[in-house]
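Only the coordinates and a few stated rules stand behind these numbers; no lab work does. Note that this is a predicted model, so its numbers are computed, not measured. Virtual Cβ from ideal backbone geometry, glycine too; neighbours counted across all protein chains shown.
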Amino acid sequence: MACSGRTRPLYLLFAALGLWVLSSCDSASRSGSLDGVADKRAPAGAYYRPSSKAHKQLIVRSAIESSAPNLEARSGMRRNDDAELMQRLSPNEEIWIVEDSLFAKRRHETRREHGCYAQLDDGGGQSVAMPIKLTSVRAEIAGFTATVDLKQVYHNPYSQKINLQYLFPLPVDAAVSEFVMTVGERRIRGIVREKKEAEQLYREARDAGLIVALLTQDRPNIFEQKIANIDPGHAIQIDLRYFQTLPYRDGGFEFSFPMVVGPRFNPSGSNDPIHAVSRGTPIGEDDKAVVYLNKGDYSGHRIELSLELNAGVTIEDIKSETHRTQIERRSDRQARITLAASDDVPNRDFVLRYQVAGNQLKTGIVTQSDSRGSYFSLMMVPPRDIQEKSRRPVELVFVIDTSGSMRGLPIEKAKAAIRRALRASTPSDSFRIIRFSESASSLGEEALAATSGNIRRAMTYLDRLEGGGGTHMLAGIRAALDPPVERGRQRIVSFMTDGFIGNEDQIFRAVYANVKDARIFSFGIGSSVNRHLIEGLARLGRGAAAYVSLDGDGGRAVDAFYDRIRHPALENIQINWGGADVVDVYPRRIPDLFVGRPVVLTGRFRGGPPRSIQVEGRREGRRCEQHISLGGRTQVNADLSKIWARRKLADLDYESALGRAGADRDALSLALEYGIVSRLTAFLAVDASRRTFGHPGPTIPVAVPLPEGLQPGSVLNRRR
Amino acid sequence: MMARLHFTLALIAFFAVAPELTVADSMGTTAAVSRAAARPEFRSYGLYLDTHDAGLGAWQVEVVDLAAKSRLVGIEGGEHRAFAQPAFYDPKALQGARIVLAAFAPDDELPRGKTRVATLHLRVDADAPPEFKLRLIAAVDALGNDIDAELEIRQES
């Protein structure tokens with residue numbers, strides 16, 4: 001290390017103090033130079049380093065940039081730093097003033113006061129210094145459960161101490177139950193606390209100059225990482241672990257990892273908005289905002305991803321339509337999948353699908369026991385004879401999002417999906433098409449019969465639709481659900497949207513109040529859709545969710561949708577557990593069983609696990625039942641207790657959104673007991689062993705790339 | 001191979017006692033927890049186990065602050081490589097103002113003698129420093145046998 005040695009260059013401190021006094025008397029544009037000490041350089045990261053010898057070395061980074069415009073602000077901070085340093089000096093200590101060459105090339109710096117937005121510019125180049133370097137994902141998939149280890153590596157590339165905040169997505173059902181902060185070689189496990197308390201403790205620790213990390217949940221699929229007091233040049237690593245079950249949709253299991261939060265539109269009445277701003281837009285510390293890189297910016301934030309897949313049965317096909325991957329088949333049941341190094345920009349969801357041999361997909365159960373009890377996940381496959389029946393006529397209601405975020409390729413994908421669905425309809429069906437952005441309008445006043453003439457009319461209508469304006473989804477929901485449906489028809493509502501709104505709870509309440517007997521099949525269109533909204537619509541509407549990426553043709557999703565609505569679903573399902581003592585099964589309201597879409601239930605049991613079940617339901621008004629033998633149970637590595645708790649929390653969150661008293665109290669108690677992050681709990685990790693020097697630095701929001709396919713002008717800085 | 005088997009048995013034995021122990025007497029501290037200390041400070045406390053000549057394969061302890069003013073805000077790993085990963089805690093016990101920690105060594109090289117097995121990071125009230133009551137719930141060797149050990153907590157910062 002360049003700073004080792006036993007010299008005592010205290011004169012350097014006084015030289016620096018002199019400069020700071022001078023600079024504080026001058027304007028922010030005064031240039032400062034410490035050429036005399038510039039040759040005493042330290043590598044990035046040198047800030048305070050106890051010597052292994054008797055002498056201690058205090059190594060102070062002085063941001064010395066001849067063109068730095070903000071010496072005024074810096075000077076005040078430095079004087080306090082130095083006073084503190086002087087107080088802590090003892091005769092056997094020495095002080096070095098060093099410059100770090102890492103920062104010499106920074107041309108200028110903009111900054112607001114502590115707790116607000118700050119950024120460093122590169123001075124016109126494409127590379128933008130951001131305090132995140134790497135996101136690494138390692139997942140183990142066993143059957144339909146996954147254990148995911150997520151590593152985030154942050155660092156401070158700036159010349160002063162910083163705090164950072166980063167809004168990032170996780171799967172909507174992820175049960176985040178481990179949080180470890182690594183500072184140097186030391187690993188500190190985070191503690192789950194009530195969210196308000198954790199936020200208060202975070203502020204106290206931050207103000208005390210301690211390194212502290214806080215993980216909160218803003219939405220079931222949006223989390224916020226805050227880290228305070230990262231010294232210049234230092235790195236902090238955060239490790240998360242979460243568990244989830246994998247959905248089976250459109251003929252295959254699906255593992256998805258979201259990489260970026262899409263820009264949300266917040267209509268008036270949004271309680272907890274998440275803003276979307278471009279880099280450089282000032283935001284307050286308490287504002288929730290996703291900050292996007294500007295066009296041409298590159299932050300250097302990379303993503304690595306690898307999966308170990310053990311399907312338990314023969315894998316027929318493995319494929320990602322969203323990313324380039326390397327697939328290594330280890331056996332007919334096992335494979336290793338890694339993200340290609342050339343595809344490491346985190347700007348769209350990673351989606352991997354694997355198909356198992358069709359005749360091997362059977363209703364099955366996995367179990368796990370721990371000190372809290374015994375848990376299971378049951379995947380219930382629809383009975384085969386469900387495909388032999390045809391259903392009553394339907395009224396198809398296509399609700400297409402034509403807001404600004406859908407402009408371009410997303411809206412074309414949505415239109416193609418509707419066209420395909422209309423072509424598959426029969427003359428006995430009827431249909432409506434509703435578009436919404438700032439307001440809602442529709443093709444005609446009433447539902448049209450699915451005749452060839454009306455379908456041609458619909459095609460022309462679709463051709464004229466373009467994206468633009470805000471996302472007032474409530475208008476679309478009312479237009480879809482309010483009008484009475486013709487007697488004898490089943491109303492099927494298909495939302496085609498990226499879901500980039502911030503008022504999900506408002507939407508859920510409206511759907512719950514108005515859905516009546518309609519079924520909702522939501523289509524997420526785009527590269528980084530809001531799966532919380534898409535899944536929530538389908539859940540409340542007792543339908544199913546599907547996703548159309550910008551890379552695929554969407555045909556499979558639409559065909560699967562039509563396959564589902566062509567046959568009657570098994571509804572109002574109840575399960576007889578065959579004498580097993582089964583309790584607390586979630587979701588409480590068992591979803592309808594459609595063709596090609598298994599349902600996953602998670603619950604607890606006492607004594608032995610269920611060996612067989614009796615499924616009862618109604619199809620087209622008639623009672624049906626089926627006996628299913630579950631065969632041998634399978635033990636899994638994934639923590640089913642956490643998955644169960646997350647499922648229960650999801651139910652409680654819906655109940656809370658719909659106004660059930662006591663839901664929040666139950667949710668808080670559950671999340672604390674199981675140690676998982678939720679709407680009401682947070683992870684906190686404090687390093688109380690070492691205080692960083694100086695005043696708290698500015699808070700830097702981590703800027704992220706816009707989701708692929710979005711056009712910046714249409715979606716950013718739309719703050720209400 | 002045999003050692004691995006024994007070690008696994010040791011872990012099973014170790015965690016088998018956890019459910020019972022996590023509902024142990026909370027010493028009446030639950031209701032007394034203060035949410036807002038008058039003068040908050042953050043301190044770290046080293047948790048030491050002295051196993052004399054025995055190798056430490058796994059351990060579980062309970063820490064209760066009788067002053068009931070401290071808040072656990074982080075658990076750091078120990079000094080020996082075998083316990084470098086931070087110990088796990090029982091979130092349910094924490095709701096009752098008890099800190100129940102457990103860890104096991106993932107490999108065969110085990111610490112002997114006195115070793116810091118964890119560091120607790122706490123937010124405390126400077127005017128009412130914590131008074132710890134410690135309880136060693138379990139200390140076992142690689143084979144799952146109980147070993148004698150002394151437990152100590154010491155303020156580090």
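When Rg and the Kirkwood radius Rh are both evaluated on Cα atoms of the range A:159-263, their ratio Rg/Rh stands at 1.03. Ordering A:583-590, B:110-117 by mean Cβ neighbour count within 10 Å, with the highest value first, yields B:110-117, A:583-590.
Taking the Cα of A:SER452, stepping 7 Å toward and past its beta carbon, and measuring to each backbone N in the range A:401-439: which are under 13 Å? Under 13 Å, as judged by backbone N against the label point of A:SER452, lie A:427 of the range A:401-439.
For the range A:383-500, the normalised intensity computed at q = 0.22 Å⁻¹ comes to -1.23 (log10 of I(q)/I(0), Debye sum over alpha carbons, equal scatterers, no solvent).
Backbone geometry of the range A:492-500 corresponds, through the Karplus equation with coefficients 6.51, -1.76 and 1.60 at θ = phi - 60°, to 3J(HN,Hα) couplings of 10, 9, 10, 8, 10, 7, 7, x, 7 Hz, x marking Gly and Pro.
Taking amide hydrogens as placed 1.01 Å from N in the peptide plane, the amide H of A:GLU304 sits under 5 Å from those of A:THR135, A:SER136, A:VAL137, each at least 5 positions away in sequence or on another chain.
Put a plus charge on the Cβ of each Lys and Arg, a minus charge on the Cβ of each Asp and Glu, and nothing anywhere else: the dipole of the range B:76-157 about its Cα centre is then about 220 debye.
Cα extents for the range B:40-110 along the principal axes, largest to smallest and rounded to whole angstrom: 39, 24, 21. Each peptide among A:531-542, A:261-272, A:654-665 gets the average number of other Cβ atoms lying within 10 Å of its residues, and from highest to lowest they stand as A:531-542, A:261-272, A:654-665. A Förster radius of 41 Å, combined with the Cβ-Cβ distance separating A:GLU304 from A:GLN614, puts the computed FRET efficiency at roughly 0.35. Residue-wise HN-Hα couplings along the range A:267-284, as the Karplus relation 6.51 cos²θ - 1.76 cosθ + 1.60 with θ = phi - 60° gives them from phi, are x, 4, x, 6, 6, 9, x, 10, 7, 10, 10, 8, 4, x, 7, x, 9, x Hz; Gly and Pro carry x. Site pair B:ALA126 and A:ARG660 shows an inter-label distance of 4.6 nm when each label is modelled 7 Å from Cα along Cα→Cβ.
If the limit is 26 Å between Cα atoms, which of A:LYS319/A:LYS642; A:LYS151/A:LYS642; A:LYS133/A:LYS295; A:LYS288/A:LYS642; B:LYS92/B:LYS133 go over it? Long pairs (Cα-Cα over 26 Å): A:LYS319/A:LYS642; A:LYS288/A:LYS642. Using the Cβ-Cβ distance between B:ALA67 and A:ASP207 with R0 set to 25 Å, the FRET efficiency works out to roughly 0.60. Neighbour counts of C-beta atoms inside 10 Å place B:HIS52, B:HIS121 in the sequence B:HIS52, B:HIS121, starting with the fewest.
I'd like the mean, over residues of A:183-191, of how many other protein chain beta carbons sit within 10 Å of each residue's own Cβ. Rounded to a whole number, the mean comes out at 6.
Projecting the Cα atoms of A:GLN200, A:ILE222, A:GLY190 onto the dipole axis of the range A:184-249, where Lys and Arg carry +1 and Asp and Glu carry -1 at the beta carbon, places A:ILE222 farthest toward the positive end. Once backbone amide H atoms are built at 1.01 Å from N, A:THR681 has A:LYS195 as its partners under 5 Å, excluding neighbours fewer than 5 places away on the same chain.
Protection proxy ranking, highest mean first, for peptides A:294-307, A:156-169, A:556-569: A:156-169, A:556-569, A:294-307, where packing is the per-residue count of other beta-carbon atoms within 10 Å, averaged. Applying 1/(1 + (r/R0)^6) with R0 = 30 Å to the Cβ-Cβ distance of A:ARG464 and A:ASP344 gives a FRET efficiency near 0.15. Each residue of the range A:470-483 was assigned a 3J(HN,Hα) from its phi angle through the Karplus expression (A = 6.51, B = -1.76, C = 1.60, θ = phi - 60°), giving x, 10, 8, 5, 4, 4, x, 5, 5, 4, 7, 9, 6, x Hz with x at Gly and Pro. Summarising the overall dimensions of the range A:476-580 from its C-alpha atoms, the Rg and Dmax are 15.1, 48 angstrom.
Taking every residue in B:66-76 and counting other chain Cβ atoms within 10 Å of its Cβ, the average works out to 6.
Peptide A:681-689 has a mean of 6 when you count, residue by residue, the C-beta atoms of other protein chains within 10 Å of its C-beta. Per residue, the Cα convex hull of the range A:452-504 amounts to 121 Å³.
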